[in-house]
1. Scan (1) farther than 17 Å from Phe281 by Cβ; (2) among the acidic types (Asp, Glu); (3) within 24 Å of the chain's Cα centre (by Cα) for the single condition Asp495 breaks and write down its number.
2. Please determine whether any residue of the range 363-372 is modelled with pLDDT under 95, touching a Leu at 6+ places or on another chain (Cβ under 9 Å), of a type in the set (Asp, Glu) and on the phi < 0 side of the Ramachandran plot.
3. With respect to Ile329, determine if the residue is among the aliphatic types (A, V, I, L, M), in contact with a His (Cβ under 9 Å, 6 or more places away or on another chain) and either over 30 Å from Ser489 (Cα atoms) or without any contact (Cβ under 8 Å) to a residue 40 or more places away in the chain (or both).
4. Name the pairs whose Cβ atoms lie under 7 Å apart, with the first residue in the range 663-677 and of a type in the set (Gly, Ala, Ser), the second not in a helix (DSSP H, G or I), and 6 or more positions between them or separate chains?
5. Has the range 381-391 got at least one residue that is on the phi > 0 side of the Ramachandran plot, in the same structural domain as Gly352 (by TED's automatic domain parsing) and not basic (Lys, Arg)?
6. Does the range 107-119 contain any residue that is in a helix (DSSP H, G or I), touching an Asp or Glu at 6+ places or on another chain (Cβ under 8 Å) and either modelled with pLDDT under 75 or of a type in the set (Gly, Ala, Ser) (or both)?
7. Which count do you get for residues in the range 255-313 that are assigned to a loop (DSSP other than H, G, I, E, B) and either of a type outside the set (D, E, K, R) or within 22 Å of Met512 (Cα to Cα) (or both)?
8. Condition first: of a type in the set (Phe, Trp, Tyr) and not in a helix (DSSP H, G or I). Now tell me which residues in the range 228-254 satisfy that.
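The values are calculated or read from the model by the stated rules, or taken from the named source; none is laboratory data. Computed from a prediction, not measured in an experiment: that's the story for all the values here. Here the Cβ positions follow ideal geometry from the backbone for every residue, glycine too, while neighbour counts run over all protein chains shown.
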Amino acid sequence: MAFFLCLIASALYQNITLYSAGVLDSVFNKSLLLLVVHHLGFVSLSALFLVFPYKFLEQVKANAGFKMVSLCLVILLGAEGLLIKYYVDNYEILGAGFVERIEALGGWSFLYYSPVFVFFAVVLLYLSYRITANAYTLVNRMYPFTLILFSLFLATLITRKNPVNENKTQHLIYHQFEEFTDFNKYDGEAEYPLLRRYEPESELASYLALKEESPNLVFIVMDGVGSDFVGEKAPFKEFMPFVNSLVNTSLYWPHSLSNTGEPVASIPSIFGSLPSGEEGFTNLEFLPESYTMFDLLNDNGYQTSFYFGGNISLENLGKFLHKEEVGLISGRKAFGPRYTAQEEDAAGVSLGYPDAELFRKWFDDFTSADRPRLDAFLTLSTRSPFHIPSQDEYRKKVEEISENSRMSDRNKRLIRKNREVFASLLYTDQAVQTFLEGYRRKAEFYNTIFVITGTHNLSELPQKDYLGRYRVPLILYSPLLKSPARINSLVAHTDILPELAGLLNSQYHFTMPDNVSWLGEGLVHKGFFKKDKVIPLYRHRGNLQEYIRGNICLSGNSLYGIGADLSLYEPKEVEGKDELIADFRKFRAVNRYVTRNDKLTPGNLLAKDTLNPEKERSEMVWINSVFNSDDYDNAYKTARDLAISGDRDRALLLCEHILEEVPGHADTEILKGRIYAWNKQYDQAAKLLEKTVKKYPVYADAYSALLDVYFWSDTNFKALDLKSAIIKNRIYNEELKSKIRRAEEKMKKEKTLFNDHNLGYLNFEDDGYE
């Protein structure tokens, strides 16, 4: 109890110091309460560890255990004081690698305060002990009280911790212990172990008759579509007839692998040739600096977009795409009443918009540009629960195909058991066909390269071996092809970016960094296998389970040879088995090291500017003090309240933090635009809100905020230009009508260029809407 009171005093010392420095808004706040709770958990944990040596020493000699516990608590209090001193001076908490961090910030000068904190620890502990001693007898009789304390400790384990509300000693001990017990650590000399000199080569150029202008790129990444459904030997190829027909008119890689067994995780592999880390690249707490296809194309004048019919925040996909500065990111929020969402599942949840609607949305948004473009699609209709439009119709087709085919009885039983799966494949195949036929009618088609692949093989169907989940089609379809070809190289998703970068650099002299940290090497090489080529395979999230080098696959501790059809077999003899296992362990260590420590690519080697500059540490302390959960809707409400109360700088800071973590939080984006407008930064407000309207074309509040900006900045003719977008997206909103009429009236009164624009009143009824 005395120890706990001392920790409360240390918590007050921390908050008073931060408040005095202007970092916190108040001393007594929610973060102080959480800090007290976490201190209580630390007290309980300390008691758990100290009770056994205490009892042992007390049996050996009276008061020996008491003295030992007192000494330990003084040391812990002194350590907590020193760590708090470091925190309030540097606004960061010490954890793993703390020695290097302290030296990097100028040394150990804060240790000069050790005698002071130890002295105060002794005094405070003694005084607190005298205060609480009288209560000891009472508490000692309350046996359930110990259970309550232990329950409170367990509760703190699941409570969100931020540096400002965390016990600093516990944080340091935990992370040092975690680092010490990690026996597979990277111990190489290279600070950036994956960094290598970029060699601008591409064998792909010999297959293409490229034009003078850079080609457009279209990526179609089909969720769950593996080599079971596409390819010369695919057992179920009848269910994707159109995509299979492209095999004969394209460049086709029959030996292609996804680096992951999950949908979203495939995106960083395809577009970044990136490692997975421990939880999947997009799920990393801090995304390391890297050079991706989006960076390459943005730096060289491309227009970029990414379309997904589902929740773009899924697995932090939106966060990754925003960091890569993708020009237009279209998720389910961008769809409106003109599009039909997928049927809800048993839990009443719809995944989003089916594939045909996804492609239709792109056609509706399409405008020709005077520069090349990258358009990427991630489909979702072939994902559980496989709800598609006209499902009964497609199920009948499944039955017809099954009855008329010559496939084995086993496969026919699989089809009967999984009709909805195969129906969704037929649907997606039809959607892809409709998209390509529509694209063919555009002038851009004749200078476009289409890359078609799958995220992984469907897990709903059985796989014959460990590689089955990763086997995916890879098709490069284009009118620029000299002739179709079958390329037998063993390749993976991580090889796509290096190959295309080499193609564009060698043919168009693209701006490129001198060094890259890509995992892949390219899509074309002589023979099936390349002797030293490495392909890491992440089964689930960061579960790096399989590892290929040359023609050998390591799965767990088992070694397999890779056959001509990517099947695995047990080889009679494997040379260098121990070396391969050591390489695998080293790669796992490197994978963890580079993603944990931002050691993929040095920032000064990148051609891009960081999208979100690193915040001042003091600002992060304040953010953590007002936002202590994963509920970003609640954080938005806090930002909104701050803005309304007049503290716009703080509100803007919190908005920026929310948008870094959840880039698709539309309300926060609109609030940020409104704050700019309230600060009379109309150009910034308009620029931001115009992007917001484009991303969320059915969100009435975005239009409302933008109309206010146009009105306040005397650019009302722009307000009238929103009429067609409002009608197109069927936004029936009296407030919007009123604001547009307000703009018209102001233009009339001021005798502006209203007549030159030849614009009339916004009349929804005249346009056929009630």
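1. If we test Asp495 against (1) farther than 17 Å from Phe281 by Cβ; (2) among the acidic types (Asp, Glu); (3) within 24 Å of the chain's Cα centre (by Cα), just (1) comes out false.
2. yes
3. Details: among the aliphatic types (A, V, I, L, M): yes; in contact with a His (Cβ under 9 Å, 6 or more places away or on another chain): yes; either over 30 Å from Ser489 (Cα atoms) or without any contact (Cβ under 8 Å) to a residue 40 or more places away in the chain (or both): yes.
So Ile329 fits the description; yes.
4. What qualifies is Gly664/Ile312; Gly664/Ser313; Gly664/Gly331; Ala666/Tyr696; Ala666/Tyr699.
5. Going through the range 381-391, the residues on the phi > 0 side of the Ramachandran plot turn out to be 386, 390.
Within this subset, residues satisfying the condition of being in the same structural domain as Gly352 (by TED's automatic domain parsing) are 386, 390.
Of the ones still in play, those that are also not basic (Lys, Arg) are 386, 390.
Yes, the range 381-391 contains a residue that is on the phi > 0 side of the Ramachandran plot, in the same structural domain as Gly352 (by TED's automatic domain parsing) and not basic (Lys, Arg).
6. yes
7. Here is the first cut: in the range 255-313, the ones assigned to a loop (DSSP other than H, G, I, E, B) are 255, 258-259, 261-265, 273-280, 284-292, 300-302, 309-313.
Cutting the leftovers down to either of a type outside the set (D, E, K, R) or within 22 Å of Met512 (Cα to Cα) (or both) gives us 255, 258-259, 261, 263-265, 273-277, 280, 284, 286-292, 300-302, 309-313.
The total comes to 29.
8. In the first step, residues of the range 228-254 are kept if they are of a type in the set (Phe, Trp, Tyr); the result is 229, 236, 239, 242, 252-253.
Selection gives Phe229, Phe236, Tyr252, Trp253.
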